[in-house]
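The structure under discussion appears below in the form of structure tokens.
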Amino acid sequence: MKSLSAEEKNIVAEKHPLFEWIDAMVSAAVFCMVIFTFFIKSFRVVGPSMLPNYVEGERVIVASVYTRIKPGDVVVTDAHNGTGDPLIKRVLALGGDEVFIEEDGTVYVNGEVYQDIVDTTRATANGDTVYPVVVPEGYVFLMGDNRLVSFDSRYLQVGCVPVECIVGKVLN
């Protein structure tokens, strides 16, 4: 039986379907690692602050590359938000906006009642912030959907959160 040369062995190895399959799997794994490292992240909802829209333990997919943030978007912050933990909250106001919360829980942004998907028949806690609050440029004012229990920008410990502390926008 004739022995194959090194060049012939390389040609045979390159054409073997198993090597093609392994090459495809490695390429797919590297592609997924790049996507999930730099563009998409997964976070677990902790606590009841986003009920009923996001349930504790639920996983959310977050796009870390996004065009812009607008009121109503749900975002995830990094740990530099006053709490030391990532927060999942809804953007209520942007830099330059004025936020005022009455004692009955009515929320105003720029003098108008804030209309969003949160059940407005439930009271909203004011927190320990003195109102009105003008959100500094480059910051956002965040609130949880379950406003009776959410620890968010209404509390001085969190306050307005710098935009650079936003990891990304929730996609689901």
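Throughout, read-outs are computed from the coordinates displayed, never taken from laboratory work. These numbers were taken from a predicted model, which means no experiment stands behind them. Heads up, the Cβs are rebuilt from the backbone with ideal geometry, glycines too, and the neighbour counts pull from every protein chain shown.
For ALA125, the residues 5 or more places off, or on other chains, whose built amide H falls under 5 Å of its own are LEU148.
Shown is the FRET efficiency for GLU20 and ARG44, computed with R0 = 41 Å from the Cβ-Cβ distance and rounded to the nearest 0.05: 0.65. Shown in residue order for the range 94-102 are the 3J(HN,Hα) couplings computed by the Karplus curve 6.51 cos²θ - 1.76 cosθ + 1.60 at θ = phi - 60°: 10, x, x, 7, 9, 10, 9, 10, 6 Hz (x for Gly and Pro). Whole-Hz Karplus values for the range 59-64 come out as 8, 10, 9, 10, 8, 7 Hz, taken residue by residue from phi with 6.51 cos²θ - 1.76 cosθ + 1.60 and θ = phi - 60°; glycine and proline positions read x.
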